[in-house]
1. Could you list, in sequence order, the residues of region 146-165 that are farther than 18 Å from THR244 by Cβ and in a helix (DSSP H, G or I)?
2. Going by the conditions given, is PHE164 in contact with a Ser or Thr (Cβ under 8 Å, 6 or more places away or on another chain) and open to solvent by 40 Å² or more (accessible area, probe 1.4 Å)?
3. Restricting attention to region 229-262, which residues are open to solvent by 60 Å² or more (accessible area, probe 1.4 Å), modelled with pLDDT of 75 or more and not in a loop (DSSP other than H, G, I, E, B)?
4. Looking only at region 163-177, count how many residues are touching a strand residue (DSSP E or B) at 6+ places or on another chain (Cβ under 8 Å) and under 25 Å from TYR101 (Cα atoms).
5. Output the helices (runs of 4 or more DSSP H) that fall wholly within region 21-134 and possess 1 or more residues being open to solvent by less than 10 Å² (accessible area, probe 1.4 Å) and under 20 Å from LEU172 (Cα atoms), or say none.
6. Looking only at residues in region 169-201 that are assigned to a helix (DSSP H, G or I) and modelled with pLDDT under 90, which one is nearest to the chain's Cα centre (by Cα)?
7. Can you tell me which residues in region 1-20 are over 11 Å from ASN93 (Cα atoms) and open to solvent by 30 Å² or more (accessible area, probe 1.4 Å)?
Amino acid sequence: MSQHPFSGKTTLITGGSGGIGFELARLFLRAGSKVILIGSSAKKLEEASNRLEKEFGAKIITLAKDLSPSSASREVFEVTQKWPAPVDILVNNAGFGISGYFHSMPELELFKMVRLNTHTVLELTRLYLPGMVERGFGRILNVASTAAFQGIPIEAAYAASKAFVLTLSEGLHDELKSKGVGVTCLCPGPTETSFFTRGSINASTVIKRVMMSPEAVAKTGFNALIKQKPVVIAGFRNKFMIFTERFAPRKWVTKIARKMVE
């Protein structure tokens, strides 16, 4: 039986204390990878690491850190650079969403969301990527959203931040495929996580009907990372929705998106 390609590798997962990030940690541990979890809540990280250590008998490294400040990414990078094993796999999963009319959104919360959803992904990727290229091996999984494929009224900034992650990932995938580094963008639709309680986005009746489990979403992203796919959309319904959008005028797509969030 051949060894799993992630066996013995070190995986860093942001937003790893729950939801999709936690389920990804389980998959990497099952594959024989060492796991580093980063989250903003020390208590939740401890609970998550205890669960994983009990299940897999492996030591989980945790780092409690709010990644939204501009200095946070480099601080995380400098800490991990002092450890003996380099980061082979980076999972940019941390993020949140807020909704409301853009002109009346709380400025500080809006700017924090955009920094976390975009700048943190950009900075962590840029910091860890040179080492991956130098070693000739690396994998980066960026978690975006199906919101990345269209403008969404009342969630305009959130959708725009995820569009940034999608287009960045697609460009890097092609740029790095000859260097032994794979970049994959996972685009989940509505998922049963704390997303709808962390921010101010409420799940409409329509959204509640199509929610996926974090386990299913994580498995989709994990398998796509193994196959080094550039983009993967989780769930048949979500794939179908994004596919059909190609044939509709963009103004119609925007109107439909608004109906869904309302």
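1. ALA156, ALA157, TYR158, ALA160, SER161, LYS162, ALA163, PHE164, VAL165
2. For PHE164, the condition - in contact with a Ser or Thr (Cβ under 8 Å, 6 or more places away or on another chain) and open to solvent by 40 Å² or more (accessible area, probe 1.4 Å) - is met.
3. Residues satisfying the conditions are PHE236, ARG237, LYS239, PHE240, PHE243.
4. Number satisfying all stated conditions: 2.
5. In region 21-134, 72-81 are the helices (runs of 4 or more DSSP H) which contain 1 or more residues that are open to solvent by less than 10 Å² (accessible area, probe 1.4 Å) and under 20 Å from LEU172 (Cα atoms).
6. Looking at the filtered set, the residue picked out is PHE195.
7. MET1, SER2, GLN3, HIS4, PRO5, SER7, GLY8, LYS9, listed by residue number.
The values are calculated or read from the model by the stated rules, or taken from the named source; none is laboratory data. Source: prediction; values computed, not measured. Cβ: placed from backbone, ideal geometry, glycine included. Neighbour counts: every protein chain shown. Note: areas computed on protein heavy atoms with side chains; ligands, DNA, RNA excluded. Shrake-Rupley method; radii C 1.70, N 1.55, O 1.52, S 1.80 Å.
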